[in-house]
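Comments concern the structure below.
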Amino acid sequence: MAVEQALSSQVATSTKLRVENLNMVFAHDGKSTPVLENINLEVSTGEFVCVVGPSGCGKSTLLNLMGGFLSPTSGAVRIDGEVVHGPDPRRIFVFQERGVFPWLTVAGNIAFGLFKLAPEESRERIAHYIKMVGLQEFEEAYPSELSGGMKQRVEVARALAVNPDTLYLDEPFGALDSITRHVMRAELLRIWQTERKTVVFVTHDIDEAVQLADRVVVMSARPAMIQEIVDIDISHPRDISSPRYLQLRDGILQQIGLAHKI
Amino acid sequence: MKLLVRLRPIVFIAGLLAAWEIAVERHPNYILPGPWAVVGGIADLLHHGFLFKYVVASLFRVTWGFCLAAIVGIPLGLMIGWHRRSEMALNPMVQVFRPISPLAWIPIAILWFGVGDAAAIFLIFLGCFFPLLLTGINAVRNVPAVYIHAGRNFGLSPAQLVYNVLYPAVVPQLLIGLRITLGVAWLVVVAAEMIAVDSGLGFLIVDARNAGNRYDLVLAGMVIIGIIGLLLDTAMRSLEKVKSFRWAYSEE
Amino acid sequence: MSVLAEPSKREKFLWPVLAFAAFLSLWHYSVIWSGTKVFPAPVQVERGMLELFHKNILWQDIGSSLLRVAIGFGAATLVGIPLGLTFGWYAGVNQVVNPVMQILRPISPIAWIPVAIIFFGVGDNAAIFLIFMGAFFPIVVACGNGVSNVPVVYRRAGRNFGLAPTQLLARVIFPAALPQIIVGLRLALGIAWLVVVAAEMVAVDSGLGYLVIDSRNSGKRYDLVVAAMVMIGVIGLILDLCFRRLERIKSVRWGFRDEF
């Protein structure tokens with residue numbers, strides 16, 4: 001255990017993603033709504049960071065800013081030192097299953113970003129990632145024939161196929177039932193431990209955050225600020241009944257202001 | 001800034017009209033008149049009282065044909081849509097009747113009704129009946145089963161079910177269908193008047209050309225047809241905006 | 001919606017046949033009871049159709065009508081789809097051009113006949129122009145709506161994978177909009193079929209529309225009138241069904257729910 005911890009801390013030394021003094025204000029019909037206030041965050045290479053907070057607090061906005069789909073009102077997002085100006089294949093977004101293209105097969109979807117590769121290499125990659133997400137017999141299936149969990153796997157495979165440095169996941173398991181979610185979390189960790197990308201994962205599910213992340217960023221309600229960043233110092237695989245897990249989880253529940261007796 | 005953006009379409013139209021006027025002046029041999037001539041034509045019609053008379057004639061026919069088709073077609077459509085087997089039985093025949101242009105019925109219309117208002121109204125009725133029938137059928141089929149189950153769950157009688165659940169559920173779709181079909185009715189009346197009657201805006205177009213090549217009146221007629229058609233459509237859209245009907249649209 | 005159980009395949013065949021038989025009987029007996037000398041009974045219509053087939057008139061007229069539709073509809077597609085895609089993609093362009101379209105759209109294509117005759121003379125070209133006018137607006141509107149209704153998710157995903165704007169249009173926007181575009185094309189084809197029949201009644205002297213008018217004018221052959229009407233309905237339906245087949249292709253089928 002100690003060795004694993006030492007190893008993981010060696011990997012996570014260089015800063016991959018830095019959010020500096022980020023503010024985001026939405027102007028609409030003359031009214032301006034502050035959404036994010038004074039966000040400062042550093043994510044190391046190969047780290048798995050979860051962002052939790054109440055619904056509508058701006059977590060998705062933060063992710064979209066990191067992905068380059070929005071421009072901040074002030075402040076900046078830097079990846080590898082460069083300011084983020086727009087979307088880029090080096091940082092791929094995974095949406096909630098509805099991001100899968102319904103007019104392409106599973107193989108077609110996964111191949112989507114591979115247009116710059118030679119056909120041979122492309123085919124190899126597709127086969128590799130289909131196997132990795134466990135959809136081997138479904139290469140020629142269309143998304144309408146797949147379950148929610150399977151569609152989500154397609155999206156993850158599609159994202160990984162282009163070999164990005166960073167993965168952004170915006171409540172990817174939100175549309176799935178809780179049993180499938182449980183399974184998908186284990187899958188995601190397994191995949192992440194094979195190809196160690198930097199991951200920023202937005203969720204409203206506190207358990208999910210504590211189960212998956214190296215660090216959990218807890219955000220307040222709108223206008224959102226970072227309330228606290230919690231280090232999850234349990235190594236994988238995590239026992240979700242262990243005292244330390246429950247302690248960390250309850251700590252976050254308290255931070256958000258939720259009771260842990262229903 | 002916002003004002004400039006709103007003005008752009010008007011500038012565009014003005015540009016088109018200017019280009020049209022210039023093209024006409026460059027080619028004086030062409031019979032096609034320019035925009036000013038058309039405006040003159042409209043004024044001419046107003047002056048002689050034809051404009052009002054013809055517009056009323058066309059609207060009269062549309063109103064009758066459309067309303068008859070709605071009164072017969074929509075309830076029929078709702079009933080057929082509700083009853084699976086009726087729909088199975090009648091759908092194929094409806095699908096064969098539907099692509100037959102109302103104008104193809106003209107010989108039969110004249111045979112049954114003679115030349116005149118009744119024939120025109122019959123044609124409009126035909127043009128509206130099938131689309132409205134299908135609108136009714138589709139509207140019922142698209143009512144989510146959950147609504148019906150909830151209604152039954154709360155112990156509603158069949159009459160209450162229709163009034164409190166079905167009717168509000170189908171109205172939004174019916175309104176859209178009615179609006180689109182009204183547009184169809186307007187197209188049919190103009191065509192019918194060009195062929196089978198002797199008053200109305202369609203007749204104006206044919207007559208203006210036949211009795212003296214008055215193309216300024218022809219185009220004036222077309223412009224008025226376009227404007228009235230647009231007004232009818234706008235009026236129906238504002239009906240869709242009535243609050244109690246809006247629930248279905250905001251969901252989309 | 002009825003509470004009865006899902007009907008069997010046999011029933012799906014049985015009921016329409018029964019309804020049709022009932023309709024034919026009603027028609028047949030109405031003709032007998034009303035004692036009309038002119039309006040044809042079903043049997044006479046059938047004989048009329050065979051007569052037309054044998055004299056080869058019917059095939060020629062069907063061919064003429066279909067050809068005009070093909071050219072007019074084809075032209076409307078070639079011009080309308082790119083235009084519609086542009087309007088959908090550039091909201092600014094749409095805002096400028098839309099009012100003009102809204103005024104032109106309610107003008108029945110038939111009303112354009114005098115103008116068409118000025119530019120094209122009497123004959124095929126005028127008819128084809130009318131078909132073009134009829135099919136053009138629905139196609140442009142459908143393409144525009146198809147493009148503007150493409151969910152933001154797809155556009156973002158496309159940009160995320162590094163697609164240039166032209167690639168985005170070809171690989172994301174167009175496939176995503178395709179179901180709506182196809183529906184628009186199917187509706188426009190239906191309109192084209194209506195317009196060609198109407199145009200043939202006024203501006204040309206061949207085709208099914210002309211057959212309807214001519215059969216009456218030269219001899220009050222109402223049996224031929226109705227025969228021609230039946231052909232119009234059947235062919236119109238076939239055209240519609242062909243398009244619906246297109247809608248079932250897998251890479252497009254995702255965009256359709258059950259509809260009539």
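Every read-out reported here was derived from the displayed coordinates using simple, explicitly stated rules and does not represent laboratory data. Note that the structure is predicted; figures quoted are calculated from it, not measured. Here the Cβ positions follow ideal geometry from the backbone for every residue, glycine too, while neighbour counts run over all protein chains shown.
Only Lys, Arg, Asp and Glu count, each charged at its Cβ (+1, +1, -1, -1), so figure out the dipole size of the stretch C:133-260 about its Cα centre, rounded to 20 debye.
For the stretch C:133-260, the charge dipole is close to 740 debye.
Tell me which residues come under 5 Å, amide H to amide H, from residue A:141 once H is placed; ignore anything under 5 positions away on its chain.
Amide H neighbours of residue A:141, under 5 Å, 5+ apart: A:106, A:107.
So for the stretch B:31-251, averaging the separation of alpha carbon pairs under 8 Å that are six or more residues apart and normalising by length, what relative contact order in percent results?
28
Starting with the fewest neighbours, write out A:252, C:71, C:249 ranked by other beta-carbon atoms found within 10 Å of each beta-carbon.
Ordered by Cβ neighbours within 10 Å, fewest first: C:249, C:71, A:252.
Among A:17, C:181, B:218, whose Cα lies farthest out toward the positive end of the dipole of the protein assembly as shown, if unit charges sit on the beta carbon of Lys, Arg (+1) and Asp, Glu (-1)?
B:218
Among C:58, C:241, C:24, which one moves the most in a GNM of chain C with springs linking Cα atoms closer than 10 Å?
C:24
Counting only other chains, and only Cβ atoms inside 10 Å, what mean value do you get across the residues of B:218-226?
Across the residues of B:218-226, the mean count of other-chain Cβ atoms within 10 Å is 4.
Could you give the alpha-carbon Rg of the stretch A:165-214 over 2.2 N^0.38 Å, rounded to two decimals?
1.07
Using only alpha-carbon positions, what ratio does the radius of gyration of the stretch A:145-262 give when scaled by 2.2 N^0.38 Å?
The value comes to 1.11.
Quick one: net charge around residue A:125, please, counting Lys, Arg +1 and Asp, Glu -1 for every other residue with C-beta under 14 Å from its C-beta.
Residues near residue A:125 contribute -1 overall.
Scan around residue A:26 for amide H atoms under 5 Å from its own, H built in the peptide plane at 1.01 Å from N, and keep only partners 5 or more places away or cross-chain.
Excluding prolines and chain starts, which carry no amide H, the hits are A:33, A:35.
Stokes-Einstein at 37 °C, 0.692 mPa s, Kirkwood radius from Cα pairs: D for chain B in µm² s⁻¹?
After rounding, the answer is 156 µm²/s.
In what sequence do A:80, A:233, C:214 fall when counting other Cβ within 10 Å, fewest first?
Listed from fewest to most nearby Cβ atoms, that is A:233, A:80, C:214.
Quickly work out the residue C:220-to-residue B:241 label distance, labels modelled 7 Å from Cα along the C-beta direction, and quote it in nm with one decimal.
Between residue B:241 and residue C:220, the label points sit 5.4 nm apart.
Pop the C-beta distance of residue A:262 and residue A:118 into the FRET formula with R0 = 51 Å and round what comes out to the nearest 0.05. Display every interim value, and only then the final one.
Numbers: r = 56 Å, r/R0 = 1.11.
Efficiency, rounded to the nearest 0.05: 0.35.
With only Lys, Arg, Asp and Glu charged, each at its Cβ (+1 for the first two, -1 for the last two), find how big the charge dipole of the stretch A:78-213 is about the Cα centre; round to the nearest 20 debye. Walk me through the numbers on the way to the answer.
On the way: 16 positive and 21 negative charges, 45 e Å.
The dipole of the stretch A:78-213 has a size of about 220 debye.
After finding the eigenvalues of the alpha carbon gyration tensor for the stretch C:44-253, what semi-axes result from the square roots of 5 times each, listed largest first in whole Å?
Equivalent ellipsoid semi-axes, largest first: 39, 20, 11 Å.
Could you please tell me the mean projected area of the C-alpha convex hull for the protein assembly as shown, averaged over all directions and given in square nanometres to one decimal?
42.3
May I ask for the equivalent-ellipsoid semi-axes of the stretch A:98-163, computed as the square root of five times each C-alpha gyration tensor eigenvalue and listed largest first in whole Å?
The answer is 18, 11, 10 Å, longest axis first.
Please report, to two decimal places, log10 I(q)/I(0) for the stretch C:1-120 at q = 0.11, 0.13, 0.14, 0.21 Å⁻¹ as given by the Debye formula with identical point scatterers on the Cα atoms and no solvent.
These q points yield log10 I(q)/I(0) values of -0.87, -0.97, -0.98, -1.19.
So, R0 is 60 Å and r is the distance between the beta-carbons of residue A:80 and residue B:47; what FRET efficiency does that work out to, to 0.05?
Calculated value: 0.20.
Going toward the positive end of the dipole of the stretch B:31-251, with +1 on Lys and Arg Cβ and -1 on Asp and Glu Cβ, which of B:67, B:99, B:81 do you reach last?
Of the options given, the answer is B:81.
Can you tell me which of B:75, B:131, B:158 moves the most in a GNM of chain B? Springs connect C-alpha atoms under 10 Å apart.
B:158
Order by neighbour count: A:14, A:44, fewest other Cβ atoms within 10 Å first, most last.
Going from least to most buried by this count: A:14, A:44.
Could you compute the FRET efficiency for residue A:40 and residue A:240, with r as their C-beta to C-beta distance and R0 at 35 Å, rounded to 0.05? Walk me through the intermediate numbers first.
Numbers: r = 30 Å, r/R0 = 0.87.
My answer for the efficiency is 0.70.
Which helices of chain C meet both criteria: a Cα extent of 27 Å or more along the helical axis and a mean Kyte-Doolittle score no lower than -1.0, with helices taken as whole DSSP H segments?
Sorted by number, the helices that extend far enough and score high enough are C:9-34, C:57-89, C:124-148, C:174-202, C:222-246.
Please state the relative contact order of chain A as a whole percent: Cα pairs under 8 Å, 6+ residues apart?
Relative contact order, chain A: 25 percent.
Among B:132, B:154, B:208, which residue has its Cα positioned farthest towards the positive end of the charge dipole of chain B, with +1 placed on the Cβ of Lys and Arg, -1 on the Cβ of Asp and Glu, and the dipole taken about the Cα centre?
Toward the positive end, the furthest listed residue is B:154.
Express as a percent, rounded to the nearest 5, the fraction of DSSP beta bridges in the protein assembly as shown (both residues included) that run antiparallel. Display every interim value, and only then the final one.
On the way: 23 of 42 bridges.
The antiparallel fraction comes to roughly 55 percent.
Do me a favour and compute the ellipsoid semi-axes for chain A from its Cα gyration tensor, root of five times each eigenvalue, largest one first, whole Å.
Taking √(5λ) for each eigenvalue gives 29, 23, 19 Å, largest first.
Which helices pass in chain B if a helix is a full DSSP H run, must span at least 15 angstrom along its long axis by Cα, and must have mean Kyte-Doolittle hydropathy not below 0.5?
Those that pass (Cα extent of 15 Å or more, hydropathy at least 0.5) are B:2-26, B:35-48, B:50-82, B:117-141, B:167-196, B:215-241.
Taking the Cα centre of chain A as origin, sum charge times position over the Cβ atoms of Lys and Arg (+1) and Asp and Glu (-1), and report the length of that vector in debye to the nearest 20.
It comes to approximately 200 debye.
Using only C-alpha positions, report the orientation-averaged shadow area of the convex hull of the stretch B:1-65, nm², one decimal.
7.4
Which residue fluctuates most in the GNM of chain B (Cα springs below 10 Å): B:217, B:231, B:16?
B:16
Got the relative contact order for chain C handy, in percent, Cα pairs under 8 Å and 6 or more residues apart?
Value for chain C: 24 percent.
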